Amino acid sequence: MSHRRLVRRGFALEYLTLGWNAVGIVIVAFAATRARSVALAGFGLDSLIEVGASVVVVWELSGAGATRQRRGLRLIGVAFTALAAYLAVQSTVVLVEGARPGHSPAGIGWTALTAAVMFALATGKARTGAALGNPVLATEGRVTLVDAILAIAVLAGLVLNAAAGWWWADPLAGYVLAGYATREVRTIWRDTRVEHGGVDVD
């Protein structure tokens, strides 16, 4: 396949990711509000951040400068920091207070669909990134793969709450999301510093 076609495929995969996450933010926000689910709220915020990550990859495929890419990645790192803090605090409050989230059929359905879609998109990004020799696209593909795994974690919490009354599974899924966000922060800051020999370049 030609380089141009591979680049077009890369754009298509990112735009599909953007579109899916944009729709998901609305659906998950509605479901999280109705069910008072920490895990769903965190998943919705994570989807919002991943929209930003996809935008950074689109910049890279468009030939944007390294400084702009680095600043975009660091903004995403700041957003992940806020997400981790929110989820850690909110999940702890829910566990301490024993606040029981409601059932969320919409959340269960959407997270199940999202897991399947993200697995497919992650595979496409990994293959296209490898064919292009583009580490940014390949790396974002790994992030998409983690999104699929997070969707499964949130889905498990929702199903356990609905089927077995294990209300604490919801905030535990929130802790899983918080751990992921913390890991992403470390990775982003390490990578943006390593690329420039540990020295910030404006």
Normalised by the residues of the chain, what does the relative contact order come to in percent, with Cα pairs under 8 Å and at least six apart?
28 percent
Can you give the calculated 222 nm mean residue ellipticity of the chain, where each DSSP H run of n ≥ 4 adds -39,500 (n - 2.57) and the sum is split over every residue, rounded to the nearest 500 deg cm²/dmol?
-31000 deg cm²/dmol
Per the rule of 0.36 nm per residue minus the C-alpha distance, extending Val55 to Val26 adds in nm 8.6 nm
Can you work out the accessible area per residue across the chain, with the rest of the protein chains kept in place, probe 1.4 Å, in square angstrom?
49 Å²
State the percentage of accessible surface on the chain attributable to carbon and sulfur atoms; use a 1.4 Å probe and exclude ligands, DNA and RNA.
67 percent
Using a cut-off of under 17 Å, list every residue of segment 134-174 whose amide N is near the label point 7 Å from the Cα of His103 along the Cα-to-beta-carbon line.
155-170
I need the per residue convex hull volume for the chain, using only the alpha carbons, in cubic angstrom as a whole number.
99 Å³
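The values are calculated or read from the model by the stated rules, or taken from the named source; none is laboratory data. In this text, all values refer to a predicted model and were calculated from it rather than measured experimentally. FYI the Cβ positions are ideal-geometry reconstructions off the backbone, even for glycines, and counts take in every protein chain you see. Heads up: the accessible areas ignore ligands, DNA and RNA and are worked out on the full protein's heavy atoms, side chains in. Shrake-Rupley method; radii C 1.70, N 1.55, O 1.52, S 1.80 Å.
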